[in-house]
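Note sheet for the following structure.
We did not get these values from a lab; they are worked out from the coordinates using the rules stated. Keep in mind that this is a model prediction, so the values were computed, not measured. Note: ideal-geometry Cβ built from the backbone for every residue, glycine included; neighbour counts use all protein chains shown.
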């Protein structure tokens, strides 16, 4: 596998090319499945963690980091970098696997996840982990922080774009809507939200707990440009980010419909895998399934 | 120390804050100011008029206020986030914890309308728990300036403190009494009046009545030392220890609930350095109520006369 390491580009407003080749798509899809193996292994070795959300959104996350985000793993604090804020911090195994693959830290570190002394905390911690921009764990706080970063970038005339990944359950909090109203008020077109729309939450299927629909209409009503995509269709995901970049005068949101637990049959669409660690048998089965998928690409 | 006691001059600490922000804004381009629809009251509007591009009114959204400040701080700005103490320290406490204190960001949280002297608006607006909430956060600096002059110094003097800072301000006009030579030093108490029989350790707008109470005690031959403990965290433990060693007994004064504020901070320092009897003049585990600021200061026992009476009773009960 030959994944292109992301490289910073100083001049373009975003490093996203306008379209991906068939080879790009195949490579990204395969990369996302490799990362799924890392996620399952991390949670297995840690004996705890949250695999469902991370497996669901890895096609989106990997496409973003590998082909859209302007960042430099060798210079994580590069002032002109784009920012990625993980608002649903419990899904951090996905982000950690991506950051390791990009070269922010060695892949072996992933196996220390959640252990005493590890820089990979149970929920994202900016002080501990290179490449992690904020501190997650309490839902609803990310969009406001992204908004602050977007305001700072505009004040300083930087090309920075800010991406904030939120969960669907998180939309049940009040604060995302405070931030959504504010970002539209300040016309922050350098701010892009992403909804990890997997329709599960801890206590059960989202519609049974507290329905958030019509979500696209809600964001439209708040003054956002809305894109709805299949969160496993890499070409569509990439296209949505390209179109977001071209929007002027308002923030954008990509609602990515995903299957939680994607790639591991017994985890898919089962809210019980929001968190939990596989047994040794389940772990072997998960790895076999993911390997089979990778061979098929 | 040449104190103006009694003082014939009064000023709002929040006016001093607004003016200090404008002064800072001219010197420091990285200073930005945020408010949640109370900029006319907190006086951040003074900065907003001078530097509109660096002023963000986020609307009635205190959670959003603190997290937006966090995002700005992460991008190299020095944000000052203001609203009323009850909404900032109360409603948005968890945002301060997760997005400001945990990453140790350089956000200055300056909240006004703390204490019973909010007055007529009543208990809902009279924040009496903010010092406990802010002291409990790891790495948070906590400051309660005694008058408008010290407010200016505290704001200007903490701009470069590496972690988060909380500064507590009042709604009402308070006496300006500290001498021109007064110098705010972070983490250091100042002896405003020396004495050997008892120490009155006060913060905020109770420092002034403590000085007047010391005058009243003097008439009975009681020599009271008065300390301005404007930094609650980190606390000046050496000053507390010296009070215990040199005056024996301690009275603390704060416009805050008796739990979690100055009294408990001083009590711990005493127990750990030089145990001595302590009497806490504070709000006795209850909520406030409507009234004028002056009526409420009297109602809660914060007038010079009542402070002197309480101190006499305490000294009688704990003979040297």
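Counting only alpha carbon atoms, the long axis of helix B:148-157 and the longest principal axis of chain B meet at about 60°. Mean residue ellipticity at 222 nm, helices only, chain A: -12500 deg cm²/dmol; runs of at least 4 DSSP H residues each add -39,500 (n - 2.57), and the sum is divided by the number of residues. Averaged over the residues of B:102-109, the number of partner chain Cβ atoms lying within 10 Å of the residue Cβ comes to 2.
Once you sort the root eigenvalues of the Cα gyration tensor of segment A:199-297 as a ≥ b ≥ c, which label holds: rounded (a/c under 1.5), prolate (a/b larger than b/c) or oblate (the other case)?
It comes out oblate by the Cα gyration axes.
Give the separation of the Cα centroids, segment A:142-188 to segment A:201-227, in Å. Answer, in whole Å: 17.
Counted by neighbouring Cβ atoms within 10 Å, the residues B:140, A:149, A:42 run from fewest to most as B:140, A:42, A:149. Using R0 = 22 Å, the C-beta based FRET efficiency linking residue B:316 and residue B:215 works out to 0.65.
Note on the protein assembly as shown: antiparallel DSSP beta bridges, both residues inside, total approximately 15 percent of the bridges counted. Among A:264, A:247, A:98, the largest mean-square fluctuation in a Gaussian network model of chain A, built with springs joining Cα atoms closer than 10 Å, belongs to A:247.
Helix A:92-102 axis versus longest C-alpha principal axis of chain A: approximately 80°, rounded to the nearest ten.
Computed from Cα atoms, the angle from the helix A:22-46 axis to the main principal axis of chain A rounds to 60 degrees. When chain B is treated as a Gaussian network with alpha carbon springs shorter than 10 Å, the biggest mean-square fluctuation among B:169, B:262, B:235 belongs to B:235.
Spin-label model, residue A:22/residue B:156: points 7 Å from Cα along the beta carbon direction are separated by 7.1 nm.
Inter-part distance, segment A:99-119 to segment B:56-79, computed on C-alpha centroids, equals 30 Å.
Take the Cα of residue B:3, step 7 Å toward its Cβ, do the same at residue B:245, and the gap between the two points is 2.3 nm.
When a/c is below 1.5 the answer is rounded, else prolate if a/b is larger than b/c, else oblate, so apply that to segment B:133-273 with a ≥ b ≥ c taken from the square roots of the Cα gyration tensor eigenvalues. Oblate shape, in that a/c is at least 1.5 and b/c is the bigger or equal ratio.
Across B:208, B:299, B:17, mean-square fluctuation computed from a Gaussian network of chain B (C-alpha pairs under 10 Å connected) peaks at B:299.
Restricting attention to chain B, close to 20% of DSSP beta bridges with both partner residues there are antiparallel.
In terms of its alpha-carbon gyration tensor, chain B comes out prolate; a/c meets the 1.5 threshold, and the first ratio a/b outweighs b/c. Annotation for residue B:298 and residue B:273: the two label points, set 7 Å from Cα along the Cα-Cβ direction, are 3.7 nm apart.
As a rough footprinting exposure proxy, the listed residues B:49, B:316, A:147 were ranked by other beta carbons within 10 Å of their own, and the order from fewest upward is B:316, B:49, A:147.
Averaged over peptide A:149-158, the number of partner chain Cβ atoms lying within 10 Å of each residue's Cβ comes to 5.
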